[in-house]
Amino acid sequence: AMLRQGGVLVMHDFTYPDGDIFPHIWEFYFKILRTVGARFFPRWKTVFEELPQFLRKSRWVSELLVFLEKNGFTDIRIESLTLGTSAIVTATRR
């Protein structure tokens, strides 16, 4: 209701990477962040500890697609970025 007809919705957030190898590299990266990163950025400690598990469970992209289609959005596009660790979803309101 807040987006006018013809308006474009853009959403961008982290996603859990697919594949056989890269998810292991990504998990290792977060192990480093939990130890080294938390020392330099103590306020981010919870993010470093919980983000990988949260994203493993998240289905925000597929749930958003269902919502957009159900609510009449068109030109729905998904772009995977940074080896699958984030996504941009765009859609136009009819």
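Details
- Computed from label points 7 Å out along Cα-Cβ, the spacing between ALA38 and ASP13 is 2.4 nm.
- For THR15, distant residues with modelled amide H under 5 Å away: SER86, ALA87
- Computed 3J(HN,Hα) for the range 60-77, one whole-Hz value per residue from the Karplus formula 6.51 cos²θ - 1.76 cosθ + 1.60 where θ = phi - 60°, is 4, 5, 5, 5, 5, 4, 4, 4, 4, 5, 4, 9, x, 6, 10, 6, 6, 9, glycine and proline marked x.
- Computed from phi, the 3J(HN,Hα) profile of the range 22-38 under the Karplus parametrisation 6.51, -1.76, 1.60 (θ = phi - 60°) reads 4, x, 5, 5, 5, 4, 4, 4, 6, 5, 5, 4, 5, 8, 6, x, 5 Hz, with x in place of Gly and Pro.
- Computed FRET value (nearest 0.05) for THR90 with ARG56, which takes r as the C-beta separation and R₀ as 25 Å: 0.50
- Counting only protein heavy atoms and a probe of 1.4 Å, the accessible surface of the chain is 58% carbon and sulfur.
- Helix-only arithmetic for the chain: the sum of -39500 (n - 2.57) across DSSP H runs with n ≥ 4, divided by the residue total, places the mean residue ellipticity at 222 nm at -11500 deg cm²/dmol.
- Rounded to whole Hz, the Karplus (6.51, -1.76, 1.60) HN-Hα couplings of the range 42-50, x for glycine and proline: x, 5, 8, 3, 4, 4, 4, 7, 9
- For percent of Cα pairs over 23 Å apart, the candidate list reads (i) 16; (ii) 22; (iii) 39; the entry that matches the value derived from this model is (iii).
- Mean Cα-pair separation over length for the chain, i.e. relative contact order, pairs under 8 Å, 6 or more apart, %: 45 percent
The values are calculated or read from the model by the stated rules, or taken from the named source; none is laboratory data. Since this is a predicted model, take the numbers as computed values, not measurements. Here the Cβ is made from the backbone with ideal geometry for all residues, glycine too, and neighbour counts use every protein chain on show. Surface accessibility is based on the protein's heavy atoms, side chains included, excluding ligands, DNA and RNA. Shrake-Rupley method; radii C 1.70, N 1.55, O 1.52, S 1.80 Å.
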